Every structure is written in structure tokens, then in C-alpha cells.
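First the structure, in the form of C-alpha cells, and then the observations on it.
The values are calculated or read from the model by the stated rules, or taken from the named source; none is laboratory data. These numbers were taken from a predicted model, which means no experiment stands behind them. Ideal geometry is used to build each Cβ from the backbone, glycine not excepted, and the neighbour counts take in all protein chains shown.
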Amino acid sequence: MRTNDPTEFSEVKLVLRSAKTGHAKVRLNTKECPLEWYFHRRLLTQPMYEAGCLFRRDFEIASVGRVTAVDWDRVFGAGQRDLTDVQLDAMRRMSKALRALSRRSGSMILTICGAGLSAADYERAMKWKKGYGLERLGEALNELAEHMGLITLN
């Protein structure tokens, strides 16, 4: 969805090879996905961001995000008829990742990376103190990044 409202976009400077100036400003909608917003404000590390984006990609490929109510049976392996091999592979990767995470981390990853809710929304729903949602998201994304082999935690 395009909008001219400047509050809807965060401006990100990228260096592009241009015949005229050598630089260009590119407007990127970082509010579309909470991960983008947190990453561009340096609240997430590169491995955290990549892990969350990989999970989100699988969530979208699996077509879990296109329905108004998530069919959890499809996510966890039941009712796999009429799905493409690509969707099934994405569902298997999601299921494997969720099994590797703690329950709370898996819930956060599904809610924030998959469904696109903010850490603040999750925090309010869980009735946590202000700021704890983002801290806990970082821990969950570290678990996910470790599972995906992007980092090694001690």
C-alpha cells in the first residue's frame, strides 16, 4: 500500500551507483513489518533480523498469513492436502523451528515475525512491564538464529 504520509515511512539512505550523483535516497516502509522497524532503529542485530525474516518468509510461503484465522493444524502438520511442495517445505521448516524454541519464544516468533504484531502489542497482551516485550523478542530471535545456524550461543 502506497501513501504520501511521511509518518508512514522511515527514510533509509542507500548508496547507489548513479550516473548523476552517485547517491540516492530510497524510501522504505519500515512499518510494514515490526522486524524492519526494530532493525532500522538498531534494536536488533543482523543475525536476529535475518532469522526473523527467514521465519516470516516461510510463514508467508506456507500461506499461513493469508487467512483471517490461522489454521494451526496446517502449521503443525495436520490437514496437508492441496498444498504445494514449496508450502509443505515452508511449513516443515516453521514447525521444526517452533519445536526448537521454548513455548514463549515460539509464541512471540509466530505473533511478531509471522503475524506482524509489535513487541509492544504482545507485551500489553501478556501484561508485562513496559519494555520487556522487546527484550524478550531479542532473546527469542537469538534462539531462532541459533537454531538456523546464524549464530552460536554459549
Residue hits (the stretch 37-48; crowded, with 19+ Cβ neighbours inside 10 Å and in contact (Cβ under 8 Å) with a residue 60 or more places away in the chain) are TYR38, LEU44, MET48
Take GLU123 and tell me if it is of a type outside the set (Lys, Arg) and either free of Cβ contacts under 8 Å to residues at least 24 places away in the same chain or not assigned by TED's automatic domain parsing to the domain that holds ARG42 (or both).
yes
Those residues of the stretch 95-147 which are buried (at least 18 other Cβ atoms within 10 Å of the Cβ) and basic (Lys, Arg) amount to ARG136
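Yes or no, residue by residue, for (1) closer than 28 Å to GLU139 by Cβ; (2) at pLDDT below 55; (3) among the polar types (S, T, N, Q):
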{"residue": "SER18", "(1), (2), (3)": "no, yes, yes"}
{"residue": "VAL26", "(1), (2), (3)": "no, yes, no"}
{"residue": "ASN29", "(1), (2), (3)": "yes, yes, yes"}
{"residue": "TYR49", "(1), (2), (3)": "yes, no, no"}
{"residue": "ILE61", "(1), (2), (3)": "yes, no, no"}
{"residue": "ARG74", "(1), (2), (3)": "yes, no, no"}
{"residue": "LEU98", "(1), (2), (3)": "yes, no, no"}
